[in-house]
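Accompanying notes for the structure given below.
The values are calculated or read from the model by the stated rules, or taken from the named source; none is laboratory data. What you see is a predicted model, and the numbers here were worked out from it, not measured in a lab. Neighbour counts run over all protein chains shown; Cβ positions are idealised from the backbone, glycine included. Note: accessible area is taken over every heavy atom of the protein model, side chains too, but ligands, DNA and RNA are not part of it. Shrake-Rupley method; radii C 1.70, N 1.55, O 1.52, S 1.80 Å.
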Amino acid sequence: AQSVTQLDSQVPVFEEAPVELRCNYSSSVSVYLFWYVQYPNQGLQLLLKYLSGSTLVESINGFEAEFNKSQTSFHLRKPSVHISDTAEYFCAVSVRSGNKLTFGGGTRVLVKP
Amino acid sequence: GAVVSQHPSWVICKSGTSVKIECRSLDFQATTMFWYRQFPKQSLMLMATSNEGSKATYEQGVEKDKFLINHASLTLSTLTVTSAHPEDSSFYICSGSAGGSYNEQFFGPGTRLTVL
């Protein structure tokens, strides 16, 4: 079975400051890794994913995440946040042979002006 | 990306009644649909996985007789909460997958259920 741990349940950050959301996973088999964003009272939107290849993946809105196999981590970063980045962020994994997603507990990012 | 809709977006019902939530894939054929439950300020918990034309596979601890899932077509799945009680109040989110290289799931906007 897989598990995902998001170490920070809440991250307050000032506008234009950098932010890092930590995600560690546990799995005995190879996995795909995902970050999703959820705005209030909405469903999830895929932010970025790691399937294979380059360990650094980027999204169109300035987020990036790096897959670190030795540390079983997939931390999410943004060098300069905006007010509109206020949301809940979920890290998730799925095994390569399956189709189920296992989610972490989520990290609530609150961007302050 | 692919679009998934849910209806209704929110519903309030009396204890003991049944509520049906629809999940539709609007521009793709969802061979597999997933139903999740999310409590306030918590993560998503997978309730069940359904493949079109087959019985749903429920996760451990989820009552299949209480949460009835139907996936009658490649674009529609329904979740019926039978004899709802206040503890069933939650945010229910569905997702659809067309398969593919990594079985990407596309999520609906969610349905907030409040049982009085």
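Data overview
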{"quantity": "Residue satisfying all of: in the stretch A:1-27; over 13 Å from the mean Cα position of the chain (by Cα) and charged (D, E, K, R); most open to solvent (accessible area, probe 1.4 Å) among these", "calculated": "A:Glu16"}
{"quantity": "Where a residue in the stretch B:60-81 is among the acidic types (Asp, Glu) and its partner, wherever it lies, is at pLDDT 90 or above and not in a strand (DSSP E or B), with Cβ under 9 Å and at least six apart", "calculated": "B:Asp65/B:Thr82"}
{"quantity": "In the stretch B:65-116, the residues that are aliphatic (A, V, I, L, M), open to solvent by 10 Å² or more (accessible area, probe 1.4 Å) and under 12 Å from the mean Cα position of the chain (by Cα)", "calculated": "B:Leu68, B:Ile69, B:Leu76"}
{"quantity": "Of all residues making up the stretch A:34-58, the number that are out of contact with any Asp or Glu (no Cβ under 6 Å at 6 or more places or on another chain) and farther than 16 Å from A:Thr107 by Cα", "calculated": "7"}
{"quantity": "Which listed residue, of A:Ser94, A:Ser30, A:Ser80, A:Ser59, is farther than 23 Å from B:Phe91 by Cβ, open to solvent by less than 70 Å² (accessible area, probe 1.4 Å), touching a residue at least 60 places away in the same chain (Cβ under 8 Å) and polar (S, T, N, Q)", "calculated": "A:Ser80"}
{"quantity": "Extreme residue, farthest from the other protein chains (Cβ to nearest Cβ), among residues of the stretch B:1-25 that are over 13 Å from B:Pro109 (Cα atoms) and part of a loop (DSSP other than H, G, I, E, B)", "calculated": "B:Gly16"}
{"quantity": "Strands (runs of 3 or more DSSP E) wholly inside the stretch B:31-116 that include at least 3 residues being within 12 Å of another protein chain (Cβ to nearest Cβ)", "calculated": "B:32-38, B:44-51, B:90-97, B:105-107"}
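Matching residues to (1) more than 29 Å from A:Tyr32 (Cα to Cα); (2) touching an Asp or Glu at 6+ places or on another chain (Cβ under 7 Å); (3) among the aromatic types (Phe, Trp, Tyr):
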| position | (1), (2), (3) |
| --- | --- |
| B:Glu59 | no, no, no |
| B:Asp65 | yes, no, no |
| B:Ile69 | no, no, no |
| B:Leu76 | no, yes, no |
| B:Ala84 | yes, no, no |
| B:Tyr92 | no, no, yes |
| B:Phe106 | no, no, yes |
